[in-house]
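**Student:** I'd like to ask you about the structure that follows.
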Amino acid sequence: MNELPTITLGGGCFWCTEAVYVKVRGVTDVESGYSNGHGERPSYEQVCSGRTGYNEVVKLTYDPSDITLREILEIFFVIHDPTSLNRQGNDSGTQYRSGIYYSTAEQKQIADDMIRQMSQEKLFDKPIVTEVLPVADYWPAEAYHQDYFENNPDQGYCAFVVGPKVEKFRKTFASRVKD
């Protein structure tokens, strides 16, 4: 059996990004983690310091017979602000930067083509600042970060920040929501 492909995405706080993608039909696994920084096994506290270069990311495994990478990235560009450098909402720092971290040349091409097309069509008021780089130095986040929204829906940040992002996804991409 062929192994399913993965793509790693940084779209601000990984609790938000994970909470959306666990609901996406065709995405078979979502893991919160850290990538594209320096140092081994970074902790959440180290990453939040802004000194490690790591980004809060989600690693998605997806079934290309059910969802394309382009569809995954269409969701990505709706659920976060790709024009905001090192910031998503009130979360600021390099660990919240917009990034697509690919593992194949085809993934890079799709991401680059989408960004070029969206820029030409002026879909956003400001330039897209999403970095497109090979995935490097990926580390899973601590266990308590996995399925965070599902396990803590009433926590303040989840109720006021994560929940609305999940609802935006549900409304915008109703046909992609898992049953």
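Please treat every number below as a calculation from the coordinates, not as lab data. Computed from a predicted structure; not experimentally measured. Cβ sites come from the backbone with ideal geometry, for glycine too, and all protein chains shown count toward neighbours.
**Student:** For R116 and N151, what is the calculated FRET efficiency with R₀ set at 41 Å and r taken between the beta-carbons, to the nearest 0.05?
**Tutor:** On the way: r = 39 Å, r/R0 = 0.94.
Once rounded, the FRET efficiency stands at 0.60.
**Student:** May I pose another question? Output ³J(HN,Hα) for the range 87-102: one whole-Hz value per residue in order, computed from phi by the Karplus curve 6.51 cos²θ - 1.76 cosθ + 1.60 with θ = phi - 60°, and x for Gly and Pro.
**Tutor:** Listing the rounded values in order: 7, 9, x, 7, 7, 10, x, 4, 6, 10, 5, 7, x, 10, 10, 9 Hz.
**Student:** Then there is this: Ranking H80, H38 by Cβ neighbours within 10 Å, fewest first, what do you get?
**Tutor:** Working: H80 23, H38 11.
By the 10 Å Cβ count, ascending, the order reads H38, H80.
**Student:** For the chain, what is the convex hull (Cα atoms) projected area averaged across all directions, in square nanometres?
**Tutor:** Working: hull surface 41.8 nm².
Reported value for the Cα convex hull: 10.4 nm².
**Student:** Suppose every K and R has +1 on its Cβ and every D and E has -1 on its Cβ; what is the size of the dipole of the range 6-171 about the Cα centre, in Debye to the nearest 20? Write down the numbers at each step before the final one.
**Tutor:** Working: 16 positive and 24 negative charges, 93 e Å.
The calculation lands at about 440 debye.
**Student:** Hey, fewest Cβ within 10 Å first, where do C158, C48, C13 land in order? Don't jump to the answer; show the numbers that get you there.
**Tutor:** Numbers: C158 19, C48 16, C13 24.
Going from sparsest to densest Cβ surroundings: C48, C158, C13.
**Student:** If we count every other residue with Cβ under 13 angstrom of K126's Cβ, Lys/Arg +1 and Asp/Glu -1, where does the sum land?
**Tutor:** On the way: positive: R87, K122; negative: D81, D125.
Result for the neighbourhood of K126: 0.
**Student:** Among K59, K108, rank each residue by its count of other Cβ atoms within 10 Å, from fewest to most, as a rough exposure measure. Walk me through the numbers before you get to the answer.
**Tutor:** Numbers: K59 23, K108 16.
Fewest-to-most ranking of K59, K108: K108, K59.
**Student:** Let me ask something else. Sort the range 52-128 into rounded, prolate or oblate with this rule: let a ≥ b ≥ c be the square roots of the eigenvalues of the Cα gyration tensor; rounded if a/c is under 1.5, and if a/c is not under 1.5, prolate when a/b is larger than b/c, oblate otherwise.
**Tutor:** On the way: a/c = 1.85, a/b = 1.22, b/c = 1.51.
Oblate shape, in that a/c is at least 1.5 and b/c is the bigger or equal ratio.
**Student:** What is the list of residues in the range 86-124 whose amide nitrogen lies under 20 Å from a point 7 angstrom out from the Cα of R70, following Cα to Cβ?
**Tutor:** Counting only backbone N, you get 100-124.
**Student:** Please report, to one decimal in angstroms, the Kirkwood hydrodynamic radius of the range 1-85 built from all distinct Cα-Cα pairs.
**Tutor:** When all Cα pairs of the range 1-85 are included, the Kirkwood radius is 13.6 Å.
**Student:** If you find the alpha carbon centre of the range 36-80 and of the range 1-30, how far apart are they in angstrom?
**Tutor:** The range 36-80 and the range 1-30 have Cα centres spaced 8 Å from each other.
**Student:** Counting alpha carbon pairs within less than 8 Å and at least 6 residues apart, what relative contact order, in whole percent, applies to the range 4-83? Write out the running numbers ahead of the final one.
**Tutor:** On the way: 124 pairs, mean separation 33.8, N = 80.
The value is 42 percent.
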